[in-house]
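A.B. asks: Let me begin by handing over the structure; questions about it come next.
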Amino acid sequence: MTHTQAFDHWIRNEFIQLNTELEQRYFAQEDRANVEGIGDEIKAAMERQGREHVTRLLAEGNTDQGFDANFDLLGNVGMYMAACRRHDLTEPSRESSSPLKEASALALHIGASLGVTPRFATSHLTTHCLAKQGQPKRFTSLEDEALFIDFNTLAVLAYKRAADALVRILPMGISHPVAPYLLEDARLALVDVARWNRVLFERLAPERFFHSVRPYYKPFRVGQHEYRGANAGDFAGINVIDMLLGLCQANNPFYSQLLVDKFLYMMPEDQRLLRDVMRRPSFLDQLLEVPVSQQQSAWYREVASKFLQVLDAHGHTAHQHHDQLVSRFISSPSATMAKKHLAQVTASGPPLEVLLRSLEKLRDLRMAAERDDIPSRFRDVATLRASVADGAQR
Ligand code: HEM
């Protein structure tokens with residue numbers, strides 16, 4: 001067995017058992033958010049066993065096995081570091097550089113050579129997580145973790161399908177006879193996103209998710225720098241949809257900051273796709289430029305009405321994310337949590353109310369909500385709706 005295989009075997013077996021045992025002990029307490037003084041011998045075993053694997057890999061040096069194998073190894077090192085953070089063996093505000101020196105060195109080496117962030121990213125657990133004998137990699141064997149990740153993966157894949165259909169319109173142009181079919185593909189994919197969001201909303205246990213799953217997504221240091229937590233949004237598709245529909249614009253500082261911050265958290269192919277789409281004009285702008293004299297033509301009426309259905313479907317998924325998922329699984333449990341733990345709640349780092357305001361802005365941009373303090377396309381979308389309705393009356 002190679003060192004890489006031995007580490008992978010450990011991540012898929014002992015690592016999961018140790019984390020699960022710790023989660024059960026934390027969860028049995030009255031203050032479920034407390035980790036201090038619980039299972040110290042288990043934590044120490046996890047830290048030591050992981051370090052032994054990583055040290056052997058580091059000593060082995062640069063054994064290039066191609067992108068996939070290296071990316072997979074980065075995921076394993078990242079999961080180990082994230083678990084150490086979760087169990088408070090490391091804590092970024094307490095340290096000026098990560099005490100996990102060997103793991104940091106390995107993660108920095110691989111991350112820099114692949115052009116991705118030197119920590120585990122969402123794709124390691126979702127779209128690029130290799131299952132063995134029916135078992136993908138997980139932190140724990142808790143049912144709620146599996147449910148969360150599997151339905152997140154399905155939602156990510158559905159967003160990617162919607163984005164793919166929209167991107168295929170670009171070389172043909174929005175007035176092409178095939179465009180309405182591609183818009184319908186995008187709409188159906190967004191209906192699927194809504195379906196998976198609903199499953200999460202209905203089946204995931206809020207307390208379990210909040211106390212035993214989400215803590216693995218916290219920020220941690222790799223070497224000197226702190227890297228924000230992973231979130232389900234770290235793929236290009238959702239932003240491709242935002243921008244091609246015209247709901248969000250890459251020249252808006254709030255939105256472009258978000259894009260800039262997520263680049264290295266995405267797979268290189270997603271980074272390329274996002275860069276490409278950032279310089280394209282949106283379909284909304286193209287439709288708004290169609291002269292009134294052409295707005296009664298069959299192609300315009302068909303495309304514009306289908307386009308509006310895609311906008312509505314995208315807005316609906318944004319509404320679900322914020323008003324159902326974030327509200328039920330983050331805001332509500334935070335409200336009942338002991339104040340001393342609150343600073344640690346978000347995966348991205350900012351205080352909860354700052355994060356919630358920013359997520360609310362995104363929701364409103366995606367819903368083209370009537371707001372003047374953000375560049376919402378409310379009025380433009382209303383103009384488009386009116387143009388379709390006018391045509392229907394003629
Ligand atoms: C970001 C919560 C599921 C897509 C976030 C953030 C939170 C959050 C709090 C802000 C960043 C952070 O601190 O982590 C949740 C919860 C979910 C869930 C509680 C389910 C239990 C999903 C799913 C998707 C998704 C299924 C679909 C792929 C996104 C996106 C972002 C994000 C795209 C980045 C910000 C944006 O562009 O809106 N999520 N999320 N999330 N999430 Fe979710």
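The values are calculated or read from the model by the stated rules, or taken from the named source; none is laboratory data. Keep in mind that what you see is a predicted model, and the values were worked out from it rather than measured. Every residue, glycine as well, gets a Cβ built from its backbone with ideal geometry; the counts of neighbours run over all protein chains shown.
A.B. asks: Do the conditions hold for Leu247, that is, is it within 12 Å of the ligand (Cβ to nearest atom) and either over 30 Å from Ser104 (Cβ atoms) or of a type outside the set (D, E, K, R) (or both)?
C.D. replies: Taking the combined requirement at face value, the residue satisfies it.
A.B. asks: Given the residues Gly233, Gly237, Gly246, Gly229, which is the only one that is surrounded by 16 or more Cβ atoms within 10 Å (Cβ to Cβ) and at positive phi?
C.D. replies: From the options Gly233, Gly237, Gly246, Gly229, the qualifying one is Gly246.
A.B. asks: Quick one: is Ala369 under 20 Å from Asn152 (Cα atoms), at pLDDT 95 or above and surrounded by 14 or more Cβ atoms within 10 Å (Cβ to Cβ)?
C.D. replies: For Ala369, the condition - under 20 Å from Asn152 (Cα atoms), at pLDDT 95 or above and surrounded by 14 or more Cβ atoms within 10 Å (Cβ to Cβ) - is not met.
A.B. asks: Among the residues of segment 132-176, what is the count of those that are under 18 Å from Gln286 (Cβ atoms), more than 14 Å from the ligand (Cβ to nearest atom) and either in contact with a Leu (Cβ under 9 Å, 6 or more places away or on another chain) or of a type in the set (Phe, Trp, Tyr) (or both)?
C.D. replies: Number satisfying all stated conditions: 9.
A.B. asks: Another question, if that's okay. Just give me the residues in segment 101-145 being under 22 Å from His9 (Cβ atoms) and among the acidic types (Asp, Glu), in sequence order.
C.D. replies: Glu102, Glu145
A.B. asks: Residue check: is Glu207 of a type in the set (D, E, K, R), under 23 Å from Gln24 (Cα atoms) and more than 11 Å from the ligand (Cβ to nearest atom)?
C.D. replies: Yes.
A.B. asks: When only residues in segment 117-142 that are touching a Pro at 6+ places or on another chain (Cβ under 8 Å) and surrounded by fewer than 23 Cβ atoms within 10 Å (Cβ to Cβ) count, which is nearest to Tyr227 (Cα to Cα)?
C.D. replies: Per the stated criteria, the residue is Cys129.
A.B. asks: Of the numbered conditions (1) touching a helix residue (DSSP H, G or I) at 6+ places or on another chain (Cβ under 6 Å); (2) under 19 Å from Glu14 (Cβ atoms); (3) small (Gly, Ala, Ser), Gly78 satisfies every one except a single condition; which is it?
C.D. replies: (1)
A.B. asks: Which one of the conditions (1) within 15 Å of the ligand (Cβ to nearest atom); (2) more than 27 Å from Ala205 (Cα to Cα); (3) of a type in the set (Gly, Ala, Ser) does Ala179 fail to meet, given that it meets all the rest?
C.D. replies: With respect to (1) within 15 Å of the ligand (Cβ to nearest atom); (2) more than 27 Å from Ala205 (Cα to Cα); (3) of a type in the set (Gly, Ala, Ser), Ala179 is out only on (1).
A.B. asks: For residues in segment 22-68 being buried (at least 16 other Cβ atoms within 10 Å of the Cβ) and among the charged types (D, E, K, R), which is nearest to the chain's Cα centre (by Cα)?
C.D. replies: Glu23
A.B. asks: Does Phe201 satisfy the criteria of being among the aromatic types (Phe, Trp, Tyr) and either at pLDDT below 95 or surrounded by fewer than 21 Cβ atoms within 10 Å (Cβ to Cβ) (or both)?
C.D. replies: Yes; evaluated as a whole, the condition is true for this residue.
A.B. asks: While we're looking at this one, here's another question. Looking only at segment 188-197, decide whether some residue is surrounded by fewer than 22 Cβ atoms within 10 Å (Cβ to Cβ), assigned to a helix (DSSP H, G or I) and over 20 Å from the mean Cα position of the chain (by Cα).
C.D. replies: Yes - at least one qualifying residue is present in segment 188-197.
A.B. asks: Quick check on this structure: which one of Arg221, Arg187 is touching a helix residue (DSSP H, G or I) at 6+ places or on another chain (Cβ under 6 Å) and either at positive phi or of a type in the set (D, E, K, R) (or both)?
C.D. replies: Exactly one of Arg221, Arg187 is touching a helix residue (DSSP H, G or I) at 6+ places or on another chain (Cβ under 6 Å) and either at positive phi or of a type in the set (D, E, K, R) (or both), namely Arg187.
A.B. asks: Being crowded, with 18+ Cβ neighbours inside 10 Å, within 13 Å of the ligand (Cβ to nearest atom), touching a residue at least 24 places away in the same chain (Cβ under 8 Å) and aromatic (Phe, Trp, Tyr) narrows it down to one residue among Phe283, Phe329, Phe307; which is it?
C.D. replies: Unique residue meeting the criteria: Phe329.
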